[in-house]
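Below is one structure, written out as structure tokens; the observations come after it.
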Amino acid sequence: MGGVPEPHAGWTFLTNHARVLAAIADDHNARIRDIAAHCRLTERAVQKIIADLEEAGYLSHRREGRGNTYRIEPGKVLRHPAEAGLTVASLLAVLAQDEVYRAQGSADTAAPVAEHG
């Protein structure tokens with residue numbers, strides 16, 4: 001799952017649910033322990049978030065040996081009315097695009113920032 005980011009205090013743009021979903025999208029066989037470390041959450045919090053996502057139909061899992069394989073429902077629409085019509089796939093695509101940008105370490109691929117005047 002790559003390097004674990006440093007802890008951060010204060011508000012953030014992404015919810016813990018989005019972070020967990022993105023971590024699972026990166027590795028469908030990730031262990032709860034690894035997801036928790038990557039997202040800087042407790043294992044119990046990750047278990048609760050996974051249960052929330054499964055209950056809402058965004059995620060399912062299949063037991064394989066001692067681990068789980070997760071399946072994300074990419075066509076499922078995001079919950080908040082402000083994101084009406086946006087799917088899980090569109091959210092994950094934006095997050096994946098950011099991962100590519102960070103991996104390249106170049107500002108050349110950054111999207112232009114709109115100016116307000």
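The values are calculated or read from the model by the stated rules, or taken from the named source; none is laboratory data. Predicted model only: the values in this text are computed from it and were never measured. Counting neighbours? That spans all protein chains shown, and the Cβs are built from the backbone with ideal geometry, glycine included. In case anyone asks, the SASA skips ligands and DNA or RNA and just uses the protein heavy atoms, side chains included. Shrake-Rupley method; radii C 1.70, N 1.55, O 1.52, S 1.80 Å.
R0 = 25 Å: FRET efficiency of Ala82 with Glu55, Cβ-based, nearest 0.05?
0.70
Restricting attention to region 52-93, which trypsin sites (Lys or Arg not before Pro) occupy a DSSP loop and are surrounded by at most 12 other Cβ atoms within 10 Å?
Values: sites: Arg62, Arg63, Arg66, Arg71, Lys76, Arg79; in loops: Arg66, Lys76, Arg79.
Those satisfying the criteria are Arg66, Arg79.
Once the piece of chain linking Glu43 and Ala9 is laid out straight, how much longer is it, given 0.36 nm per residue of separation minus the C-alpha distance between them? Walk me through the numbers on the way to the answer.
Working: separation 34, 0.36 × 34 = 12.24 nm, distance 1.92 nm.
Extending this stretch completely gives an extra 10.3 nm.
In what order, largest first, do Thr69, Thr12, Thr42 sit by accessible area if the probe radius is 1.4 Å?
On the way: Thr69 25, Thr12 60, Thr42 90 Å².
Ranking Thr69, Thr12, Thr42 by accessible area, largest first, yields Thr42, Thr12, Thr69.
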